[in-house]
Amino acid sequence: MRLLTFQGGIHPYEGKELTMEKPIEIYLPKGDMVYPLSQHIGAPAKPLVKKGDSVLAGQRIAEAGGFVSAHIHASVSGTVKAIEPRLTAGGNKVNSIVIENDGKFDTVDFEANVKPWEELSREEILALIQDAGIVGMGGAGFPTHVKLSPKHVDQIDYIIVNGSECEPYLTSDYRRMLEEPEKLIQGLTIVLKLFPNASGIIAIEDNKPKALKLLKEKTEGMERITVHSMKTKYPEGAERQLIYANTGRYINSSMLPADAGCIVHNVDTVVAICEAVCYGIPLIDRIVTVTGDAVANPVNYKVLLGTNMQELIDATGGFPGKEPEKIVAGGPMMGKALFSTDVPIVKGSSAILCMLEDEAAMYEPSNCIRCGRCVAVCPGRVNPSRLAKLAEHGKLEDFVNEDGMECCECGCCSYVCPAKRHLTQTIAATRKSILANRKK
């Protein structure tokens, strides 16, 4: 059978062998916990606690600042130490709730108001998802209750679970699929109840044969859920490429997936939906891959949100040899390089990648040699070299007219460029500037 894919893309070194066979380990934090009030797309959350308050794990400590926003819950028991700006992995300071962890991990009664999910209405399920503070955990951080509330519910044909995990080194979704397939399938079944005309697709790259086999066995006989095998290629998991590969439908920057009759969710997000609806557990933890050639013992941790990244690195054994030249929050293609590891794990944190050498800094960019490689690999079907040149000269109108807003910032063009031009960074900065001007 032909593997599902899209036009363009690249095949970078995967690096997944470091943690693919490492079962998930539960890590309980020891230090203070930091909860940024902006862990999602949309308005920041508003604090519900003040300095000196005692809190329990699972207690809501900040409420959504609007419809497109998300609640935040404490992941440990302890005392509110401060509400102040704290550094995040994005490099900026965000107003955050700091909790002194008492080490007891006393929780609220999660199951106090749990009802059989089959008896719940659409509105009740959406309310539980919203109350749990669930957002897209693949990195985008879009509030899940908003994504599940499209204008035309009957026009949604596909609910796609993104199990591709195409970013190099990351294996958190893979381990979740292997170790908790029942929760994944249950979460997808719950979402399908919200969309009576939709079919469920669990889309997985073919470099994960164990996950493919297991989930096909678990879903055998289910009329509304199928498991698709996709070609291993980056960025197979990007939303537009994932939708095209699995449905043949195309969306652009002016569209939402719902406009093409699709809704896409990350594996962790779907599991979080299951835990919220079936067990009353809000989003207070996630799986994080701590990996790279600088790490003593690469591992997949189940981590409570708010845990300090340096504490996680230390828990793996730290750096036994040379200090890493680069540490990235996320994967090497779309992650963010850190200048400090004194930052918290948040809802969108998928990995901490520690590399002995900073390969990207080894080369000085030179002039474009017009080889066309960036055009050949671009999944957005634009001309990255041309767009970067327009961006460098400040020609924003021409940039937009030549489809610059269609770039998904995947990094393929920079990866293949023999002149080592900073194509993705230049285009991304210009897109950000244009979007900011539009908001004004």
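Under the simplified labelling scheme, the K439-D293 pair shows an inter-label distance of 3.9 nm, with each label point 7 Å from Cα along Cα→Cβ.
For segment 159-314, dividing the convex hull volume of the Cα atoms by the residue count gives 135 Å³ per residue. The slack in the chain from Y250 to M222, taken as 0.36 nm per residue of separation less the alpha-carbon distance, amounts to 7.4 nm. Each of A238, I287, V346 was placed along the dipole of segment 228-371 (beta-carbon charges, centred on the mean Cα), and the one lying farthest toward the positive end is A238. Rg and Dmax of segment 33-158, based on Cα coordinates, read 16.0, 49 Å.
Size descriptors for segment 207-278 (Cα atoms only): Rg and Dmax, in that order, 13.9, 38 Å. Exceedance of the 24 Å cut-off in Cα-Cα distance is limited, within the set K104/K183; K183/K347; K115/K151, to K104/K183; K115/K151. Per residue, the chain exposes 45 Å² of solvent-accessible protein surface, assessed with a 1.4 angstrom probe and all protein chains in place. Here the label points at E357 and E397, each 7 Å from Cα along the C-beta direction, are separated by 4.7 nm in the simple model. For a straight C-alpha distance cut-off of 20 angstrom, the lysines reachable from K420 (same-chain residues fewer than eight places away being disregarded) are K326, K336, K389. Summary of packing: across the peptides 330-337, 176-183, the per-residue average of other C-beta atoms within 10 Å ranks them, highest first, as 330-337, 176-183. Length available on full extension from E84 to A429: 0.36 nm per residue minus the Cα-Cα distance, which gives 121.4 nm.
Counting residues in segment 313-397 as N, plug N into 2.2 N^0.38 Å and put the Cα Rg over that result. Don't skip to the answer; put the middle values down first.
Values: Rg = 17.5 Å, N = 85, 2.2 N^0.38 = 11.9 Å.
For segment 313-397, the normalised Cα radius of gyration comes out at 1.47.
In this simple spin-label model, placing a label point 7 Å from the Cα along the Cα-to-Cβ direction at both K336 and K210 gives a separation of 3.2 nm.
With kT/(6 pi eta Rh) evaluated at 37 °C and eta = 0.692 mPa s, and Rh the Kirkwood radius from Cα pairs, the chain diffuses with a coefficient of 146 µm²/s according to Stokes-Einstein.
The trypsin sites (Lys or Arg not before Pro) found in segment 85-118 that occupy coil by DSSP, while having at most 11 further C-beta atoms within 10 Å, are K104. For segment 1-68, applying the loop criterion from DSSP together with a ceiling of 16 other beta carbons within 10 Å to the GluC sites (Glu not before Pro) yields E21.
Beta bridges assigned by DSSP with both partners in the chain are antiparallel in approximately 60 percent of cases.
Inter-part distance, segment 295-359 to segment 408-425, computed on C-alpha centroids, equals 23 Å. The loop-placed chymotrypsin sites (Phe, Trp or Tyr not before Pro) in segment 10-103, going by DSSP, that have at most 13 neighbouring Cβ atoms within 10 Å of their Cβ come out as Y13, F67. Name all residues of segment 28-43 having a backbone nitrogen under 19 Å from the label point set 7 Å from the Cα of D106 along its Cα→Cβ direction, giving them as ranges. Inside the label zone: 29-33. Quick one: pull the percent of accessible area on the chain belonging to carbon and sulfur, 1.4 Å probe, ligands and nucleic acids left out. Heavy-atom surface of the chain belonging to carbon and sulfur, 1.4 Å probe: 51 percent.
The values are calculated or read from the model by the stated rules, or taken from the named source; none is laboratory data. Everything numeric here is computed off the predicted structure, so don't read it as measured data. No Cβ is skipped: glycine too gets one built from the backbone with ideal geometry, and neighbour counts run over all protein chains shown. Ligands, DNA and RNA are excluded from the accessible area calculation, which covers all protein heavy atoms including side chains. Shrake-Rupley method; radii C 1.70, N 1.55, O 1.52, S 1.80 Å.
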